[in-house]
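Trainee: Following this message is one structure expressed as structure tokens.
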Amino acid sequence: MNLETKDLLMELSRIDAPSGFEKEAIDFIEKQVKDLADVVKKTRLGGLIAGVKGGGGLKIGIFAHVDEIGFVISKIEDESFARLETVGGVDPKVVLASEVKIYTRDGPTRGVVGLLAPHLQKPEDRKKVPMYDEIFVDLSVGSLVKSVRVGDRVVLRGDPIELNGKIVGKALDNRAGCTSLIKSMELLRKYRTLYDVYYIFSSQEEVGGPGAATVAYELNLDYAIVVDVTHADDAPPFYEKISLGGGPVIGFGPSVDKDFWKKIMDIAKRNGIKYQKEPLPGRSGTDTDEVQMTGIGVRTALISIPLKYMHTPVEVVDPFDVDETARLLTHIVVDLEV
Amino acid sequence: MYLKELSEIPGVSGDEDKVRNFIRERIESKLDEIRIDRMGNLIGIKKGKKSDGRLLLVAHMDEVGLMVTKINDDGTLSFAPVGGVDPRVLPGKKVRVGEDKLGIVGYKAIHLQKSEEIKKPPSYENLRIYMGFSSKKEAEEEVEIGTYVSFLTKYTEENGRATGKAFDDRGGCSILMDIIDLNERYDFDVYFAFVVQEEVGLRGSAILMEQLHPDVALVLETTTAGDNPEIPEYQWATHLGDGPVITFAHRGYVADKRVFQVLIETAVKHGIPFQMKRRTAGGTDAGRLARRGRGVPAGVISIPARYIHSPLSIMDLGDYRNTFELVKRVVEDGKIMEEVSG
């Protein structure tokens, strides 16, 4: 039972899996890929590897992180209010007047991030953004209010929607990447590959964690392609703007292998895949940075899916970009000549 | 209680039609007369057995929201607030654009913000609604300048509390509808007015006096709680769970002493918990009514709610029930009419 790209994006967006808490997303993905792979196994750090056997030549890993940004309860006040600490970078400006879901030991419960009504605000309040030392969660709207403890995981709630063909939701960074991996596995069934290909759904990227690099080491990879998201329709003035719907974004810079990069560009051109280019003058801010310097070194590539409003509850992706990324990934592992 | 349905209907000031239709359909058969006036206020009349006086009960149908002011070249929409909406509650929210279209208020990714931008509050100048369009032309086919935009929040009840949008003042509307549902006939006439445009300056209620000439008016509101954790208790306006709120004074009007007293005595007599509104910020239609025509003695009873004027407010269901109980007793006892005629 293969889900359409759009539906897969929405299903994955609905799942709450902040860094270190990826199980539900991993279990869902395992169901989607178990019939598409020769070997499926969980990793030591909460990720998932789905291996497709090829001619037994080189080993290529394709990575997408499954974790999303979130929060942890840091303090409880007056029995029915709580304070938050972020897990990954969450802009304090996107959390006010939102509903949150808190995972307690007794089950999930609701909370509301409140804000004083304008009637009672002082003029100086309006000029500032409440930071996490002021932001609070009103727990009184959940039946498990008494079960909430410091350390419980929290996510902003928000069901995905479709807007003029685009998908909007939370956690599309990087469930969009996960979706393109699953779609690539479906496509790969039509081809034979010379290489052993490992699709890796990794943990803890949003905290700069060890989820991807440890798998790259364990599998002793020769090549790695990291699939993540990048900023669409909004760039610093001295950078070329990346467009939603413009196709996969192929990154280039020190964290990427120059020859592998050239080959990927050729493969994209030969197969009529529309792509965009992104310069990465320093660190890429993705798992690529760590994976490259694993073991004796791994030849890396970074392919990103354009995404608007990153790290907000209304991230936007175009399913076209996800499908084209899947197509590119499959062609890379089929067509790559080394 | 009609709070769930009422809360989920869009009805920004000036665009109250859907709310009015919903209420009208449900109250029509229970009243002697129903009319919609020139500004769009819905007025229902229950004649009295003696018809020896006129009590006016008022709640406003409109909610705060937004309006499209410009369609930009990139297909996004610029907008301005209708009523008091703090722009800080908007980034990251889904909104309803016009009748049934969806949009989102996005925000520049935190990674792309300079450090000084992180602490800078969003403003109407830089916020945009994104609907998935990539050009002005595409957007113009679907949206017009002047289109109303409302919050999009599902109503939920849990742990004795309700969450949703527009509780201010669908809470008051719901209580008025509950009173109509009692289907009682009193000695005096009761006028039920569901008014428009409260959030943009107490406007709809302004034309009630000339039409109805009430002897006394009682406004049913949903008012701000302000019992947030960082605020010291002495600064709270009201507190969730403490019962209906009775106002002694607010911007531009001191509640009529006799009406105010009757409300308190009724609560005490029937053992209904109540609280005073401890802040005088904000106004209600009582202020407008009192200064129209020859004026009218007016009072205000409110349901307290947290985080009003945002997409997600919280009401205590016990407060709702106790507010209904108090209004019901005030109307039943009829002492409010005796006080002002005496």
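Trainee: Compute the projected area of the convex hull of the Cα atoms of the stretch A:71-156, averaged over all viewing directions, and report it in nm² to one decimal place. Can you show the working numbers first?
Mentor: Working: hull surface 22.1 nm².
Projected over every direction and averaged, the Cα hull of the stretch A:71-156 covers 5.5 nm².
Trainee: Calculate the radius of gyration of the Cα atoms of the protein assembly as shown to one decimal place, then report Dmax, the largest Cα-Cα distance, as a whole number, both in Å.
Mentor: Just the Cα atoms of the protein assembly as shown yield Rg and Dmax of 29.1, 101 Å.
Trainee: Using a Cα-Cα cut-off of under 21 Å, which lysines could be cross-linked to B:Lys269, ignoring same-chain neighbours fewer than 8 residues away?
Mentor: Cα-Cα hits under 21 Å: B:Lys257, B:Lys277, B:Lys328, B:Lys335.
Trainee: Can you tell which of A:Tyr132, A:Tyr195, A:Tyr217 shows the greatest fluctuation in a Gaussian network model of chain A with Cα springs below 10 Å?
Mentor: Greatest mean-square fluctuation among the candidates belongs to A:Tyr132.
Trainee: Given chain A, what whole percent of its Cα pairs are spread farther than 25 Å?
Mentor: On the way: 29315 of 56953 pairs.
Roughly 51 percent, once rounded to a whole number.
Trainee: Can I ask one more? For q = 0.12, 0.19, 0.22 Å⁻¹, what log10 I(q)/I(0) does the stretch A:1-100 give under the Debye formula with an equal point scatterer on each alpha carbon and no solvent?
Mentor: Result of the Debye calculation: -0.56, -1.05, -1.24.
Trainee: Per residue, how big is the convex hull around the C-alpha atoms of chain B? Give it to me in cubic angstrom, could you? Intermediate results must be reported in sequence, preceding the final value.
Mentor: Numbers: hull volume 48.8 nm³, N = 342.
Dividing the Cα hull volume of chain B by its residue count gives 143 Å³.
Trainee: With r defined as the distance between the Cβ atoms of B:Glu117 and B:Asp52 and R0 fixed at 45 Å, what FRET efficiency is calculated, to the nearest 0.05? Working shown, then result.
Mentor: Values: r = 65 Å, r/R0 = 1.44.
E(calc), rounded to 0.05, equals 0.10.
Trainee: Okay, moving on. Principal axes first, then extents: for the Cα atoms of the stretch B:115-249, list largest minus smallest coordinate on each axis, whole Å, largest first.
Mentor: Principal extents (Cα only, largest first): 63, 44, 31 Å.
Trainee: Going down the list B:Lys18/B:Lys165; A:Lys122/A:Lys170; A:Lys190/A:Lys277; A:Lys42/A:Lys183; A:Lys166/B:Lys137; A:Lys101/B:Lys70, which pairs span over 24 Å between their C-alpha atoms?
Mentor: Values: B:Lys18/B:Lys165 15 Å; A:Lys122/A:Lys170 33 Å; A:Lys190/A:Lys277 28 Å; A:Lys42/A:Lys183 20 Å; A:Lys166/B:Lys137 18 Å; A:Lys101/B:Lys70 35 Å.
The answer is A:Lys122/A:Lys170; A:Lys190/A:Lys277; A:Lys101/B:Lys70.
Trainee: So which aspartates and glutamates can A:Lys262 reach, going by Cα to Cα under 17 Å and dropping same-chain residues fewer than 8 places off?
Mentor: Within the straight-line limit of under 17 Å, A:Lys262 reaches these aspartates and glutamates: A:Asp222, A:Glu278, A:Asp335, A:Glu337.
Trainee: How big is the gap, in Å, between the Cα center of the stretch B:16-67 and the Cα center of the stretch A:203-247?
Mentor: The stretch B:16-67 and the stretch A:203-247 have Cα centres spaced 58 Å from each other.
Trainee: With both partners inside chain A, how many of the DSSP beta bridges are antiparallel, as a percent to the nearest 5?
Mentor: Once the DSSP bridges in chain A are tallied, antiparallel ones form about 60 percent.
Trainee: Let me ask something additional. How many percent of all Cα-Cα pairs in the stretch A:218-338 sit more than 19 Å apart? Walk me through the numbers before you get to the answer.
Mentor: Numbers: 3350 of 7260 pairs.
Roughly 46 percent, once rounded to a whole number.
Trainee: Compute the Rg to Rh ratio over the stretch B:66-151 from the alpha carbon atoms, using the Kirkwood formula for Rh, and round to two decimal places.
Mentor: Rounded to two decimals, Rg over Rh is 0.97.
Trainee: Another one. Name the aspartates and glutamates eligible as straight-distance cross-link partners of A:Lys6: C-alpha to C-alpha under 17 Å, and not fewer than 8 places from it in the same chain.
Mentor: Output for A:Lys6: A:Asp159, A:Glu162, A:Asp173, A:Glu186, A:Glu315, A:Asp318, A:Asp321, A:Asp323, A:Glu324.
Trainee: Moving to a separate point now. Of the candidates B:Glu184, B:Glu16, B:Glu221, which one comes out as most mobile in a Gaussian network treatment of chain B with C-alpha springs shorter than 10 Å?
Mentor: Of B:Glu184, B:Glu16, B:Glu221, the most mobile in the Gaussian network model is B:Glu184.
Trainee: Give the separation of the Cα centroids, the stretch B:296-317 to the stretch B:206-283, in Å.
Mentor: 10
Trainee: About its Cα centre, how strong a charge dipole does the stretch A:71-156 have in debye, to the nearest 20, once Lys and Arg get +1 and Asp and Glu get -1 at the Cβ? It would help to have the intermediate numbers written out before the result.
Mentor: Values: 13 positive and 13 negative charges, 31 e Å.
Dipole about the Cα centre, nearest 20: 140 debye.
Trainee: Sticking with this one: What FRET efficiency, computed as 1/(1 + (r/R0)^6) with R0 = 51 Å and r the Cβ-Cβ distance, is obtained for B:His270 and B:Arg35, rounded to the nearest 0.05?
Mentor: Details: r = 33 Å, r/R0 = 0.64.
E between B:His270 and B:Arg35, to the nearest 0.05, is 0.95.
Trainee: So which trypsin sites (Lys or Arg not before Pro) in the stretch A:55-143 pass both tests, a DSSP loop state and at most 16 other Cβ atoms within 10 Å of the Cβ? Walk me through the numbers before you get to the answer.
Mentor: Numbers: sites: A:Lys59, A:Lys75, A:Arg83, A:Lys93, A:Lys101, A:Arg105, A:Arg110, A:Arg126, A:Lys127, A:Lys128; in loops: A:Arg105, A:Lys128.
Taking the stretch A:55-143 and a limit of 16 other Cβ atoms within 10 Å, the loop trypsin sites (Lys or Arg not before Pro) found are A:Arg105, A:Lys128.
Trainee: What net charge do the residues around A:Asn220 carry, taking every other residue with its C-beta under 11 Å from that of A:Asn220, with Lys and Arg at +1 and Asp and Glu at -1?
Mentor: Combined, the nearby Lys, Arg, Asp and Glu give -2.
Quick note: the coordinates plus some simple rules give every number you see, no bench work behind them. Predicted model only: the values in this text are computed from it and were never measured. We place every Cβ from the backbone using ideal geometry, glycine too, and count neighbours over all the protein chains shown.
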